[in-house]
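Peer 1: Quick one: structure below, then a few questions.
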Amino acid sequence: MDVTKKRVAIIGAGPSGLTACKHALAKGFRPVIFEATDAVGGVWARTLASTRLQTPAAAFRFSDFPWPAGVEDDEFPRHDQVAAYMVAYARRFGVLDCVRFGSRVLAAEFAGASEQEVAAWDRWSGNGEAFGDGTGEWHLTVKHGESEETQKYKFDFLILCVGRYGVAKHPKFPDEAGPEVFRGQVLHSMDYSRMPHADADELIRGKRVVVVGSGKSALDIVAQCAEANGSEYPCTMVYRNPNWAVDPNLTWGAFFEKLMTSRLAELMVHKPGEVLALSLLAKILSPIRLLIAKATETYYKTLMPMRKHGMVPGHGFSAAMLGWRISVLPDKFYDMVVDGGIVLKRCDSFGFCADGVVMDGTGERVDADVVILATGFDADQHLSRVFVSPWFRDILVAGPSDTMLPLYRHCVHPRIPQMAVVGYAESAASIYPYEMMAKWVAHLLDGAVRLPSVAAMEKSVAEWERWGKWAKRRSGAFFLKSCIASVTTWYHDQLCRDMGYSPRRKEAKGLLADWLQPYGPTDYAGI
């Protein structure tokens, strides 16, 4: 196969798109990245001025590209440092030359075999090969810049790297209680985060701001408003159930992360497709995991004023670990609560009135000039809306599952030919799992990864689905879809075997090191 003649398209130049391109280039392909904005880095190219990483630099990096001098392993880099790191990575490996900025892909249509033929195949893409028999191709409709005209492009393989954070999720309100009755300004956290920093500052300065939500975005925005306005115009955070938001300065956090990212820690949790012996071992060892989680929970409740301010989550730390509903508090968050710059309001639901919001149940009103909805994202819609085929959209995201996307190895749908997804699965430090997916897809493109039958692929997908349902039950429904945080090493083991590499990445350091030391990006640098 002459790889230079195979046309590969990548949609999105965020972290997953950059690493997908880098590893395709390493295999001799010459991909084209279509990026709708004018910068690489995805959400890191345009975010809140106060945003920092939620994981230390050592865990959030590409395997073969260290952070620059001056960024310590245990540091939580600022958003501008992350954005610069992404640009440096893209420049170092020739990825920037492959990016077409200001190019929004409006539609993707598979041409070749009909949907009926594709549905009847017993091998992915007809023959199990990345490029099928050479007759199928993807037709992309692309809008460049501000022009109303579109252009058509043809590619032999499509890689979706659109991320999870491109479509805002808005809550629904009863009649006459929605944003339309409010005389102030309502916007989603996504739109606020994408504003130029000066415009974002101007929007909140001297204003009564209400932020709805308790996730990382909500906490960062609330802290930013409090820093801008203090107690003169306090920012009110309205939330139903807080997530576990921890102080990164407390020493147990670093120890806990190292403890729970080892291969030994994964023996304490059930894993998708595990054999009976591992299942029994997980059941036997699970009390140890629960004990560690309970100790962690008690530690944070003791040293942080969570109870005092009504910020104790309704679910335990063990549940948060499975669904990875854990975030990092902004610096001095609770100090700003004490000083009056932040007001916390917990309620089951709320509605709008002309001058602000009304807490359902109590009828308490909070006056506001600006309301920012930090209410999450519709990751499925962002991923699927590019497809022209309703059938492709349905089998990818419109099924009954709310726990796992039906992708083999979290990359390939058994029934969608010549296409891969990189960057949808959620983990504690997402960047190097994305890189592992990109390496796997690159090996698939050059024929080094051989896929099993469609039936075998669907069996593997079903194993992950069953595991996802188990994890969601155990996490009290606080489970991010396709979250692999508690089984990341297990997942990477699968990818390593597929690519022909040993999953035991620490063997040179000895057996104890392989079981007890935390796994991280540098362990996979040789792949």
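The values are calculated or read from the model by the stated rules, or taken from the named source; none is laboratory data. From a predicted model like this one, the values you see are computed outputs, not experimental measurements. Here the Cβ is made from the backbone with ideal geometry for all residues, glycine too, and neighbour counts use every protein chain on show. For the accessible areas, the whole protein counts, side chains as well, though only heavy atoms, and no ligand, DNA or RNA atoms are used. Shrake-Rupley method; radii C 1.70, N 1.55, O 1.52, S 1.80 Å.
Peer 1: Counting only protein heavy atoms and a 1.4 Å probe, tell me what percentage of the chain's accessible area is made up of carbon and sulfur.
Peer 2: So the carbon and sulfur contribution to the accessible surface is 52 percent.
Peer 1: Sort the following peptides by mean Cβ neighbour count (other Cβ atoms within 10 Å, averaged over residues), highest first: 98-104, 168-174, 123-129.
Peer 2: With the highest mean Cβ count within 10 Å placed first, the list reads 123-129, 98-104, 168-174.
Peer 1: Sticking with this one: For segment 190-345, what class follows from the C-alpha gyration tensor (a ≥ b ≥ c being the square roots of its eigenvalues): rounded when a/c is under 1.5, otherwise prolate if a/b is larger than b/c, else oblate?
Peer 2: prolate
Peer 1: How far, in degrees from 0 to 90, does helix 488-499 lean away from the longest principal axis of the Cα atoms of the chain, to the nearest 10?
Peer 2: Around 20 degrees separate the two axes.
Peer 1: Describe numerically, in nm with one decimal, the distance between label points set 7 Å from Cα along Cα→Cβ at Asp97 and at Arg194.
Peer 2: 3.1 nm
Peer 1: Could I have the simple spin-label model distance between Glu109 and Val312, label points 7 Å from Cα toward Cβ, reported in nm to one decimal?
Peer 2: Distance between the two pseudo-spin positions: 5.9 nm.
Peer 1: Let me ask something else. Under a straight-distance cross-link criterion of Cα-Cα below 16 Å, which aspartates and glutamates are reachable from Lys283, leaving out those fewer than 8 residues away in the same chain?
Peer 2: Correct list for Lys283: Glu266, Glu274.
Peer 1: Give the separation of the Cα centroids, segment 419-433 to segment 315-348, in Å.
Peer 2: 26 Å
Peer 1: What is the angle, in °, between the Cα long axis of helix 454-474 and the longest principal axis of the Cα atoms in the chain? Nearest 10 is fine, range 0 to 90.
Peer 2: Approximately 20 degrees, to the nearest 10.
Peer 1: Okay, moving on. What does the extension gain come out to for His170 and Leu264, with contour length at 0.36 nm per residue minus their alpha carbon separation?
Peer 2: Computed gain between His170 and Leu264 is 29.8 nm.
Peer 1: Here is a follow-up. Over 21 Å between C-alpha atoms is what I'm after, so list which of Lys301/Lys345; Lys22/Lys169; Lys308/Lys332; Lys6/Lys154; Lys308/Lys345 land there.
Peer 2: With Cα atoms farther than 21 Å apart: Lys22/Lys169.
Peer 1: Taking 0.36 nm per intervening residue step and subtracting the Cα-Cα distance, what contour gain separates Gln116 from Ala456 on full extension?
Peer 2: Gain on extension, Gln116 to Ala456, equals 120.4 nm.
Peer 1: While we're looking at this one, here's another question. Just to confirm a number: summing +1 for Lys and Arg and -1 for Asp and Glu over residues other than Gly126 whose beta-carbon lies under 10 angstrom from that of Gly126, what do you get?
Peer 2: With Lys, Arg at +1 and Asp, Glu at -1, the neighbours total -3.
Peer 1: Note down the magnitude of the dipole of segment 185-245 about its Cα centre, charges +1 on Lys and Arg C-beta and -1 on Asp and Glu C-beta and zero elsewhere, to the nearest 20 debye.
Peer 2: In debye, rounded to 20, segment 185-245 gives about 240.
Peer 1: On a full-extension model of 0.36 nm per residue, what is the gain between Tyr501 and Lys301, subtracting their alpha-carbon distance, rounded to one decimal in nm?
Peer 2: Contour length minus Cα-Cα distance gives 67.7 nm.
Peer 1: Using a 1.4 Å probe, what is the accessible area per residue for segment 62-111, in Å²?
Peer 2: Ligands and nucleic acids excluded, the result is 50 Å² per residue.
Peer 1: Considering the chain, which cysteines have no disulfide-compatible partner, defined as another cysteine with its Cβ under 4.7 Å away?
Peer 2: By the Cβ distance rule, which asks for a partner under 4.7 Å, the isolated cysteines are Cys21, Cys98, Cys161, Cys347, Cys353, Cys411, Cys483, Cys496.
Peer 1: If you restrict to DSSP beta bridges whose two residues both lie in the chain, what percentage is antiparallel, to the nearest 5?
Peer 2: 45 percent
Peer 1: Moving on. Return the whole-Å distance between the Cα centroid of segment 156-217 and the Cα centroid of segment 1-68.
Peer 2: So the separation of the two Cα centres works out to 25 Å.
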